[in-house]
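Structure record follows, encoded as structure tokens.
The values are calculated or read from the model by the stated rules, or taken from the named source; none is laboratory data. Just so it is clear, the structure is predicted and the values come from calculations on it, not from any experiment. So basically every Cβ, Gly included, is an ideal-geometry build from the backbone, and we count neighbours across all protein chains shown.
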Amino acid sequence: MEFRQLQLFVAVAEELHFGRAAARVGMAQPPFSQQIRRLEAELGVTLLARTSRRVALTPAGSRLLEEARTLLARRADVVATVRRAAQGETGTLRVGFAASSAFGILPAIVSRFRRRFPEVKLELDDRESLNVGIALLTGELDVAIVRTPFRHEGITVERLLKEPFSLALPSGHPRAQQQVVTLASLANEPFVLFPRHAAPGLHDTVTSMCLAAGFSPRIVQEASSWPSVIGMVEAGLGLTLAPLSAEALRPRGVVFRRLRGATGFAELSVAFMGTRPTPAVANFRALAHESIARRSHQT
């Protein structure tokens, strides 16, 4: 018994006329009738009571009509599900991110992806930068949002966003009255930064900018998330250099000021294994670029 035979049977069972049923499926009547007889022979039952004037369903034919409709609908569902999976529209997508990249654009990307692909389950995984790379290489993660530089053999990294640094300091700090602060003037200030093992690219960029300005930053506290870093700044433990997007945190006791003499930039990228991403990863990557483009247009 084939799906095609079931489709032909449903046509004649609904039309109760061989000629109309054959025309409905685009067949000549003789081969159409032959397929119905073959189906009856395979099942060993009479499905249709035929007379010269009418066609009627037998009890077996009525039951097969119910089952055939269910099977054909289920087949259509299976085909649609498989095709959606092939297009990355179903299943699970494991998204990694380092703490230093969690803030800013990631929430917008995730929100946009969930709206566009509601049948894909997103699993977000917060890891240190080094562990994100290992997880991509071992297949524990499918895609990641990372701060660059981020270099791992076999991983493709595409830049999403390049933004300048700003200075975050307690609102009661004397320099809070200035709209623009020279980086070199911060030589004697205490700093709060990410630990290098958590965000090596970001850590190195900040320290390199300070060295280029003539001093080595005096790091008094470290924290592995932007809310923690900014919280320490608010508590008056030190200053920090943050990507411009971190200004959206805007806690009450912290102000952000433009930096003069800061030569580096914070880069946010999307990373995935190989050069040909899976459909789900390709969808995520496309929406990541789309989110950045819309954000840039709005600003």
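Checking the condition touching a Lys or Arg at 6+ places or on another chain (Cβ under 9 Å), of a type in the set (G, A, S) and within 25 Å of Q87 (Cβ to Cβ), which residue from A168, A144 passes? Write out each step before concluding.
Details: A168 fails: within 25 Å of Q87 (Cβ to Cβ).
The conditions single out A144.
Out of all the residues in the stretch 121-130, which are surrounded by 18 or more Cβ atoms within 10 Å (Cβ to Cβ) and either modelled with pLDDT of 85 or more or in a helix (DSSP H, G or I) (or both)?
So in the stretch 121-130, the residues surrounded by 18 or more Cβ atoms within 10 Å (Cβ to Cβ) come out as 127-129.
Matches in the stretch 121-130: S129 only.
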Could you check the stretch 66-93 and list, in sequence order, the residues that are under 21 Å from the mean Cα position of the chain (by Cα) and of a type in the set (K, R)?
R83, R84
Within the stretch 135-151, which residues are surrounded by 17 or more Cβ atoms within 10 Å (Cβ to Cβ) and more than 16 Å from the chain's Cα centre (by Cα)?
A135, R147, T148, F150
Hits in the stretch 246-285 - residues which are under 17 Å from I105 (Cβ atoms), among the polar types (S, T, N, Q) and out of contact with any Gly (no Cβ under 9 Å at 6 or more places or on another chain):
S269
Using beta carbons and a limit of 9 Å, which pairs, at least six apart or on different chains, have the first residue in the stretch 16-44 and among the basic types (K, R) and the second one surrounded by fewer than 14 Cβ atoms within 10 Å (Cβ to Cβ) and outside any helix (DSSP H, G or I)?
none
Which listed residue is touching a strand residue (DSSP E or B) at 6+ places or on another chain (Cβ under 6 Å) and either of a type outside the set (A, V, I, L, M, F, W, C) or at pLDDT 95 or above (or both), from R260, R276:
R260
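Return the total of residues in the stretch 10-20 being closer than 19 Å to A60 by Cβ and in contact with a strand residue (DSSP E or B) (Cβ under 9 Å, 6 or more places away or on another chain).
Within the stretch 10-20, the first condition is being closer than 19 Å to A60 by Cβ, and the residues that meet it are 10-16, 18.
Subset that is in contact with a strand residue (DSSP E or B) (Cβ under 9 Å, 6 or more places away or on another chain): 12-13, 15-16, 18.
Selection size over the stretch 10-20: 5.
Which residues, taken from the stretch 1-18, are in a helix (DSSP H, G or I) and surrounded by 13 or more Cβ atoms within 10 Å (Cβ to Cβ)? If you could, list the steps in order and put the result at the bottom.
Keep residues of the stretch 1-18 that are in a helix (DSSP H, G or I), which gives 3-15, 18.
Selection gives Q5, L6, Q7, L8, F9, V10, A11, V12, A13, E14, E15, F18.
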Which members of the stretch 21-37 meet the condition of being surrounded by fewer than 14 Cβ atoms within 10 Å (Cβ to Cβ) and among the basic types (K, R)?
R37
All but one of (1) touching a residue at least 24 places away in the same chain (Cβ under 8 Å); (2) surrounded by fewer than 18 Cβ atoms within 10 Å (Cβ to Cβ) hold for P118; state the number of the condition that does not hold.
(1)
Which ones in the stretch 81-96 are modelled with pLDDT under 85 and of a type in the set (V, I, T)?
T81, V82
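In the stretch 222-276, how many are over 17 Å from F165 (Cα atoms) and assigned to a loop (DSSP other than H, G, I, E, B)? Break it down into steps so the answer makes sense when it comes.
So the first thing to find is which residues in the stretch 222-276 are over 17 Å from F165 (Cα atoms), and the list is 222-224, 228, 231-232, 234-237, 251-253, 270-276.
Keeping just the survivors that are assigned to a loop (DSSP other than H, G, I, E, B) gives 223-224, 235-237, 251-253, 274-276.
So the answer is 11.
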Checked the stretch 39-68 for anything among the basic types (K, R) and either in contact with a His (Cβ under 9 Å, 6 or more places away or on another chain) or closer than 10 Å to F9 by Cβ (or both); matches are R54
Please report, ordered by residue number, the strands (runs of 3 or more DSSP E) entirely within the stretch 137-219 with at least 2 residues that are charged (D, E, K, R).
155-170
Suppose we filter the stretch 184-201 for residues that are modelled with pLDDT under 85 and surrounded by 19 or more Cβ atoms within 10 Å (Cβ to Cβ); how many remain?
4
Within the stretch 43-56, tally of residues that are touching a helix residue (DSSP H, G or I) at 6+ places or on another chain (Cβ under 8 Å) and not in a strand (DSSP E or B)
4
Over the stretch 144-198, the set of residues among the basic types (K, R) and either without any contact (Cβ under 8 Å) to a residue 60 or more places away in the chain or within 30 Å of P277 (Cα to Cα) (or both) is R147, R151, R159, K162, R196
